Amino acid sequence: SPHTPQNAIRLSLVGSEMCIRDSGIAIEDNNISSNRSNDDLNLIANGTGQITTKSILNFDNTYKEKVNTLSSATSITVDCNLASIHKVTLAHNTTFSLTNLSEGQSVTLIITQDSTGSRTGAFSSTTGTIKFPLNQNALSTNANFIDMVVILFDGGQTLGTMSRAFQS
């Protein structure tokens with residue numbers, strides 16, 4: 001019988017269905033699964049490629065976004081490629097500068113005042129002026145209060161909303 005190397009991919013045709021299996025992944029009957037217990041299954045596009053779905057994406061379990069922790073400074077760059085949620089505890093008055101915000105993308109900032117409070121924030125983006133309703137973009141200033149800022153770029157306008165004064 002022929003010898004199959006340990007890391008070889010095995011292909012088989014069952015009726016009109018093709019099955020692909022290797023030591024870590026199986027593709028069978030419209031399902032992609034990990035063969036090893038507790039392994040993550042990652043879809044990765046190389047270079048500037050993207051993962052694109054042509055149909056509705058349903059989640060049978062939880063949906064989880066990456067959270068990036070920022071360090072307080074007088075100027076904070078928020079790289080929107082790193083995560084969709086960024087959090088910081090302010091110890092300075094700061095300007096948040098958003099980079100890599102793509103058309104159709106939104107980013108959430110969770111901004112906490114330190115125990116001193118009274119920290120101010122300003123917002124800018126490489127996509128243009130961020131428009132807030134009635135130009136209301138001032139952070140709450142009470143010590144330890146939390147504000148949530150959501151910013152969306154629709155390809156033409158950069159729009160922001162702010163929910164203020166969550167108490168910790």
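The values are calculated or read from the model by the stated rules, or taken from the named source; none is laboratory data. Not measured: the values here are computed from a predicted model. Cβ: placed from backbone, ideal geometry, glycine included. Neighbour counts: every protein chain shown. Note: areas computed on protein heavy atoms with side chains; ligands, DNA, RNA excluded. Shrake-Rupley method; radii C 1.70, N 1.55, O 1.52, S 1.80 Å.
Computed quantities for the displayed model
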item	result
Residues of the stretch 119-163 satisfying the condition of being part of a strand (DSSP E or B) and among the aliphatic types (A, V, I, L, M)	Ala122, Ile130, Ile146, Met148, Val149, Val150, Ile151, Leu152, Leu159, Met162
Every residue from the stretch 114-168 that is surrounded by fewer than 16 Cβ atoms within 10 Å (Cβ to Cβ), touching a Phe, Trp or Tyr at 6+ places or on another chain (Cβ under 9 Å) and among the acidic types (Asp, Glu)	none
Where a residue in the stretch 31-57 is closer than 22 Å to Gly104 by Cβ and its partner, wherever it lies, is small (Gly, Ala, Ser) and open to solvent by less than 80 Å² (accessible area, probe 1.4 Å), with Cβ under 7 Å and at least six apart	Ile51/Ala45
Candidates Phe166, Phe123, Phe153, Phe145, filtered to the one that is touching a Leu at 6+ places or on another chain (Cβ under 7 Å) and aromatic (Phe, Trp, Tyr)	Phe153
Strands (runs of 3 or more DSSP E) contained entirely in the stretch 1-108, each with at least 2 residues that are at pLDDT below 95 and of a type in the set (D, E, K, R)	17-21
